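Right, one structure below, let's go through it.
Derivation of every value follows stated rules applied to the coordinates shown; laboratory data play no part. Since this is a predicted model, take the numbers as computed values, not measurements. In this analysis, Cβ positions are derived from the backbone assuming ideal geometry, glycine residues included, and neighbour counts consider all displayed protein chains.
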Protein chains: 2
Amino acid sequence: MLVGLGSSFDVASRGEVDLCLENGARADNISFGNTIKKQSDIAYAYSKGVRLYAFDSEAELEKLAESAPGSRVFCRILMTCDGAEWPLSRKFGCEIEMAKDLLVKARELGMDPYGVSFHVGSQQTDLNQWDIAVGKAAMLFTALNEAGIDLKMMNLGGGFPAKYRTDIPAVERYADAVMHAMTNHFGNALPAMIIEPGRSLVGDAGVLEAEVVLISKKSYDEDVRWVYLDIGKFGGLAETMDEAIKYRIQTSVTGRKPAPSCWAVPTCIPPKSGRERPVTKCREPLRGVTKCAFWPTAPTPPCIRG
Amino acid sequence: MLVGLGSSFDVASRGEVDLCLENGARADNISFGNTIKKQSDIAYAYSKGVRLYAFDSEAELEKLAESAPGSRVFCRILMTCDGAEWPLSRKFGCEIEMAKDLLVKARELGMDPYGVSFHVGSQQTDLNQWDIAVGKAAMLFTALNEAGIDLKMMNLGGGFPAKYRTDIPAVERYADAVMHAMTNHFGNALPAMIIEPGRSLVGDAGVLEAEVVLISKKSYDEDVRWVYLDIGKFGGLAETMDEAIKYRIQTSVTGRKPAPSCWAVPTCIPPKSGRERPVTKCREPLRGVTKCAFWPTAPTPPCIRG
């Protein structure tokens with residue numbers, strides 16, 4: 001469907017390259033946007049016709065020059081990700097000064113220094129972050145122009161949110177914020193733009209169904225109920241780690257006053273297949289629960305009372 | 001092999017019941033030691049002949065009375081897990097006062113109140129913890145004896161460590177500590193004992209092999225190298241979360257001075273099958289690295305300099 005709508009695709013692994021091609025995407029509409037790729041995967045993507053690659057280090061650039069010669073490359077720069085529910089830390093991207101040198105070096109290595117990418121952090125709720133990020137990237141365009149390199153593309157990353165527990169600005173407001181940032185810093189000389197709005201496209205499309213296996217108390221002194229589910233940190237709730245993403249919770253129980261509870265997911269019980277899972281009907285929100293999962297490594301369980 | 005050696009088995013899920021039975025274990029040598037079980041899984045284990053079940057709450061006890069009538073039951077009590085590299089928090093077990101009432105109630109429900117279980121935390125390095133725990137459990141034996149219930153079994157849990165980065169006391173010292181704790185509190189009237197030494201039995205049996213995909217720096221100002229592996233938090237390194245378990249790391253590179261580094265595991269790259277994975281020879285320990293994995297949700301990456 002996305003192919004039919006004219007989408008391009010950003011991939012992070014060899015498997016995703018295959019997935020896009022198998023579903024009708026053209027190789028020249030694929031961007032290999034992961035900055036950490038195996039040499040063998042670069043060669044594989046190149047053999048399939050992919051000609052656009054991300055990097056954020058000299059070592060990765062050299063791998064690209066060897067296995068994807070002459071391709072368009074773009075450098076990912078670091079962002080602070082303030083305001084994001086799931087910040088991406090310093091794991092991807094390099095400082096802007098290094099990015100400039102690396103894009104110059106890309107030309108020396110026979111590559112086509114094509115653009116810049118960044119990511120403002122997943123589930124970003126501060127619209128102003130795009131203006132900050134685009135401003136930083138625009139400085140790189142200017143610096144490289146002075147070095148005789150004319151960048152042509154800006155990958156604005158993801159960050160557009162899905163609706164979890166709180167309301168989020170409409171997608172139009174995000175689009176306005178991004179376009180305002182671009183015209184603010186580039187005027188009418190807009191570069192080509194790539195965005196990666198995965199979460200905002202599909203985040204609301206799914207429902208995770210779970211069975212309550214047990215509700216118990218640990219002692220007579222405590223007020224907190226422990227609610228044990230049959231879904232796990234490794235079986236659907238990965239994004240709740242460190243309380244990064246808080247899902248909406250609905251149960252089939254109505255009419256009773258919500259009590260303080262600590263939601264727990266057993267680690268010894270593997271996720272069951274859909275076929276075996278009993279249906280827990282979801283009708284009413286269970287208010288008073290502000291936390292939906294924790295993990296037994298935590299020295300102090302993050303019980304939150306409603 | 002374990003069946004041949006006369007082992008009994010503690011299971012935590014329906015799948016493990018099947019695994020034990022398929023490998024020749026007898027149902028009356030199986031203890032269902034997970035305190036949070038689905039009603040359907042209790043009924044399944046009962047239908048297969050399992051007659052020993054753990055619980056730590058009234059609700060679970062009632063489930064057992066319904067689906068595993070007349071079975072032996074043991075109550076798990078809470079421990080603080082001081083000294084453990086992987087403490088188990090309050091997720092499993094109840095306070096001792098509640099345990100007493102629940103075991104009395106078990107008899108009322110027609111069950112056989114059989115014993116007590118606890119767990120001092122995984123990778124426990126403080127041998128004294130067993131004396132503290134057994135003392136607490138012995139108090140429960142005494143209290144129930146006064147109520148006319150003669151408990152017969154003590155499940156001492158796991159906690160016996162595997163060797164990771166530091167030397168650990170020999171298994172004989174653990175055995176001595178456990179037996180000393182038992183005779184200290186029970187004299188010659190020792191109850192039957194169950195232990196669950198899984199980690200210490202098999203923890204040293206495996207080697208996790210990984211390819212270094214990229215080594216990079218983020219800026220000119222920082223000293224730290226970022227080392228990206230092709231194994232992930234969800235592909236073998238789950239126990240390193242929150243730095244709970246620190247693995248020994250060996251590389252094929254010798255003779256070079258170790259530099260400060262931050263080890264990272266990409267989340268977008270799924271673990272590859274053994275067939276495809278290039279062999280990274282492990283010969284020499286890479287000293288100076290005290291941390292082997294982190295996860296991009298961390299606002300501050302836990303880089304540790306050697």
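Based on the Cβ-Cβ distance from A:Met179 to B:Arg165, what FRET efficiency comes out when R0 is 56 Å, to the nearest 0.05? Present the calculation step by step, with values, prior to reporting the outcome.
Working: r = 52 Å, r/R0 = 0.93.
Calculated value: 0.60.
Quick one: 3J(HN,Hα) in Hz for segment A:112-122, Karplus 6.51/-1.76/1.60 with θ = phi - 60°, rounded, Gly and Pro as x.
Values, residue by residue: 9, x, 10, x, 9, 10, 8, 8, 8, x, 6 Hz.
Hey, can you grab everything whose amide H is under 5 Å from the amide H of B:Ser122? Only 5+ residues off in sequence or another chain; H modelled, so Pro and N-termini drop out.
Here B:Trp86, B:Leu88 satisfy the definition.
Using θ = phi - 60° and the Karplus form 6.51 cos²θ - 1.76 cosθ + 1.60, what ³J(HN,Hα) does each residue of segment A:63-74 get, whole Hz, x for Gly and Pro?
Ordered by residue, 3J(HN,Hα) equals 5, 5, 4, 6, 9, 9, x, x, 6, 6, 10, 10 Hz.
Between their Cα atoms, which of A:Lys63/B:Lys163; A:Lys246/B:Lys48; A:Lys38/A:Lys246; A:Lys246/B:Lys37; B:Lys48/B:Lys100 are more than 32 Å away from each other?
Values: A:Lys63/B:Lys163 37 Å; A:Lys246/B:Lys48 40 Å; A:Lys38/A:Lys246 34 Å; A:Lys246/B:Lys37 26 Å; B:Lys48/B:Lys100 29 Å.
Pairs exceeding 32 Å: A:Lys63/B:Lys163; A:Lys246/B:Lys48; A:Lys38/A:Lys246.
Could you list which residues have their amide H under 5 Å from that of B:Leu214, counting only those 5 or more apart in sequence or on another chain, with H placed in the peptide plane?
Amide H neighbours of B:Leu214: B:Tyr228.
Positive end of the charge dipole of segment B:9-202 (Lys, Arg +1 and Asp, Glu -1 on Cβ, about the Cα centre): tell me which of B:Leu144, B:Ile42, B:Pro191 has its Cα farthest that way.
So the residue furthest toward the plus end is B:Ile42.
Going through segment A:196-236, which chymotrypsin sites (Phe, Trp or Tyr not before Pro) have at most 14 other Cβ atoms within 10 Å and a DSSP loop state? Display every interim value, and only then the final one.
On the way: sites: A:Tyr220, A:Trp226, A:Tyr228, A:Phe234; in loops: A:Tyr220, A:Phe234.
Counting only loop positions with at most 14 other Cβ atoms within 10 Å, the chymotrypsin sites (Phe, Trp or Tyr not before Pro) in segment A:196-236 are A:Tyr220.
Starting from the Cα gyration tensor of segment A:9-202, take the square roots of the eigenvalues, sort them a ≥ b ≥ c, and report rounded, prolate or oblate (rounded when a/c is under 1.5, otherwise prolate if a/b is larger than b/c, else oblate).
oblate
Roughly what % of DSSP beta bridges within segment B:9-202 run antiparallel, to the nearest 5? Could the numbers behind the result be given before it?
Values: 2 of 22 bridges.
Roughly 10 percent of the DSSP beta bridges within segment B:9-202 come out antiparallel.
Going by average Cβ neighbours within 10 Å, how do the peptides B:102-110, B:21-29 rank, with the highest at the top?
Ranked from most to least packed, the peptides come out as B:102-110, B:21-29.
Under a 5 Å amide H to amide H cut-off, with H placed in plane at 1.01 Å, what residues pair with A:Ser219 once short-range neighbours are removed?
Under 5 Å from the amide H of A:Ser219: B:Glu95.
Quick one: net charge of A:Leu201's neighbours, Cβ under 13 Å, K/R +1, D/E -1?
Working: positive: A:Lys163, A:Arg199; negative: A:Asp10, A:Glu196, A:Asp204.
That works out to -1.
Taking the label point 7 Å from Cα in the Cβ direction, how far apart in nm is B:Val104 from each other copy of itself, listed shortest first?
With the label placed 7 Å along Cα→Cβ, B:Val104 yields 8.2 nm.
Per-residue mean of other chain beta-carbon atoms within 10 angstrom of the beta-carbon, peptide B:219-227?
Working: counts 9, 5, 3, 2, 0, 1, 0, 7, 0.
What the average comes to for B:219-227 is 3.
Would you mind telling me the antiparallel percentage of the DSSP bridges in segment A:60-173, rounded to 5? Don't skip to the answer; put the middle values down first.
Numbers: 2 of 11 bridges.
If we restrict to bridges inside segment A:60-173, about 20 percent are antiparallel.
Read phi for every residue in segment A:175-186 and hand back ³J(HN,Hα) as whole Hz from Karplus 6.51 cos²θ - 1.76 cosθ + 1.60, θ = phi - 60°, with x for Gly and Pro.
4, 4, 4, 5, 5, 5, 4, 5, 5, 4, 9, 10
For A:Thr80, place a label point 7 Å out from Cα along the Cα→Cβ vector, do the same in each other copy, and report the separations in nm, one decimal, smallest first.
Computed spacing set for this position: 4.1 nm.
At a Förster radius of 22 Å, what calculated FRET efficiency corresponds to the Cβ-Cβ distance of A:Asn23 and A:Tyr44, to the nearest 0.05?
Working: r = 17 Å, r/R0 = 0.80.
Once rounded, the FRET efficiency stands at 0.80.
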